[in-house]
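Since the structure comes first, as structure tokens, the remarks are kept for the end.
The values are calculated or read from the model by the stated rules, or taken from the named source; none is laboratory data. In this text the structure is predicted, and so the values were computed from the model without any measurement. Ideal geometry is used to build each Cβ from the backbone, glycine not excepted, and the neighbour counts take in all protein chains shown. Note: accessible area is taken over every heavy atom of the protein model, side chains too, but ligands, DNA and RNA are not part of it. Shrake-Rupley method; radii C 1.70, N 1.55, O 1.52, S 1.80 Å.
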Amino acid sequence: MLLALDEAKKAYNEDEVPVGAIIVRNNEVIARSYNTREYGKNALYHAEIKAIDEACKKLGGWRLVGCTMYVTLEPCPMCAGAIINARVERVVYGASDHKAGAFGTMINLTDYPLFKPQITKGVLEGECSKILTDFFKGKR
């Protein structure tokens, strides 16, 4: 999660919503990313989507079996759907998303019968919440 926080800090420094994600397989980081929606002017440029794209390219396929994603904020419905479709086996997230969290806070896409990733929530929650709070305080 510390590596995902490092990615979130990159987003923060680029005036993007500070969310970072990494994907690990066999104890090796195979993908890392952060939000770039504002810079890229693209609604799809969430940290999770970009990490999935990078991991698929590295592994040469769309199934991310055996992979764990660490992300600083609970994934939204779009990202949760991509995680499920990519067969990411485990998701570890820091802060719950009380506006769009799709792994239990607002809705729970793990109820979808196709594939159910293991979810671990609240890892480094304080640190993950703080960077988001600091970012939005600076915007007000």
Pairing a residue in region 99-119 that is part of a strand (DSSP E or B) with any residue that is surrounded by 15 or more Cβ atoms within 10 Å (Cβ to Cβ) and among the aliphatic types (A, V, I, L, M), where Cβ atoms lie under 6 Å and the two sit 6 or more apart in sequence or on different chains, gives PHE103/ALA80; PHE103/ILE119; ILE119/VAL91
Go through region 1-15 residue by residue and tally those that are farther than 9 Å from TYR34 by Cα and touching a Pro at 6+ places or on another chain (Cβ under 8 Å). 1
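Suppose we filter region 104-140 for residues that are over 20 Å from ALA11 (Cβ atoms), in contact with a Phe, Trp or Tyr (Cβ under 7 Å, 6 or more places away or on another chain) and open to solvent by less than 70 Å² (accessible area, probe 1.4 Å); how many remain?
Of region 104-140, the ones over 20 Å from ALA11 (Cβ atoms) are 104-122.
Next, only the ones that are in contact with a Phe, Trp or Tyr (Cβ under 7 Å, 6 or more places away or on another chain) stay: 109-110, 119, 121.
Of the ones still in play, those that are also open to solvent by less than 70 Å² (accessible area, probe 1.4 Å) are 109-110, 119.
Count: 3.
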Taking ILE49 as meeting all but one of (1) in contact with a Cys (Cβ under 9 Å, 6 or more places away or on another chain); (2) open to solvent by less than 80 Å² (accessible area, probe 1.4 Å); (3) more than 23 Å from GLY101 (Cβ to Cβ), write down the number of the exception. (3)
Identify the residue in region 1-46 that is free of Cβ contacts under 8 Å to residues at least 12 places away in the same chain and either in a helix (DSSP H, G or I) or open to solvent by less than 10 Å² (accessible area, probe 1.4 Å) (or both) and, among all such residues, is nearest to GLY81 (Cα to Cα). GLY40
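Condition first: assigned to a loop (DSSP other than H, G, I, E, B) and open to solvent by less than 30 Å² (accessible area, probe 1.4 Å). Now tell me which residues in region 79-96 satisfy that. Spell out the reasoning first.
Our first condition is that a residue be assigned to a loop (DSSP other than H, G, I, E, B); within region 79-96, this holds for 86-89, 96.
Correct list: ALA86, VAL88.
Please verify whether GLU54 is within 26 Å of ASN27 (Cα to Cα), open to solvent by 70 Å² or more (accessible area, probe 1.4 Å) and touching a Lys or Arg at 6+ places or on another chain (Cβ under 9 Å), treating the condition exactly as stated.
Working: within 26 Å of ASN27 (Cα to Cα): yes; open to solvent by 70 Å² or more (accessible area, probe 1.4 Å): yes; touching a Lys or Arg at 6+ places or on another chain (Cβ under 9 Å): yes.
For GLU54, the condition - within 26 Å of ASN27 (Cα to Cα), open to solvent by 70 Å² or more (accessible area, probe 1.4 Å) and touching a Lys or Arg at 6+ places or on another chain (Cβ under 9 Å) - is met.
Could you check, for region 58-75, whether at least one of its residues is under 23 Å from SER129 (Cα atoms) and open to solvent by 40 Å² or more (accessible area, probe 1.4 Å)?
Keep residues of region 58-75 that are under 23 Å from SER129 (Cα atoms), which gives 68-75.
Filter once more, keeping what is open to solvent by 40 Å² or more (accessible area, probe 1.4 Å): 70.
For region 58-75, residues under 23 Å from SER129 (Cα atoms) and open to solvent by 40 Å² or more (accessible area, probe 1.4 Å): present.
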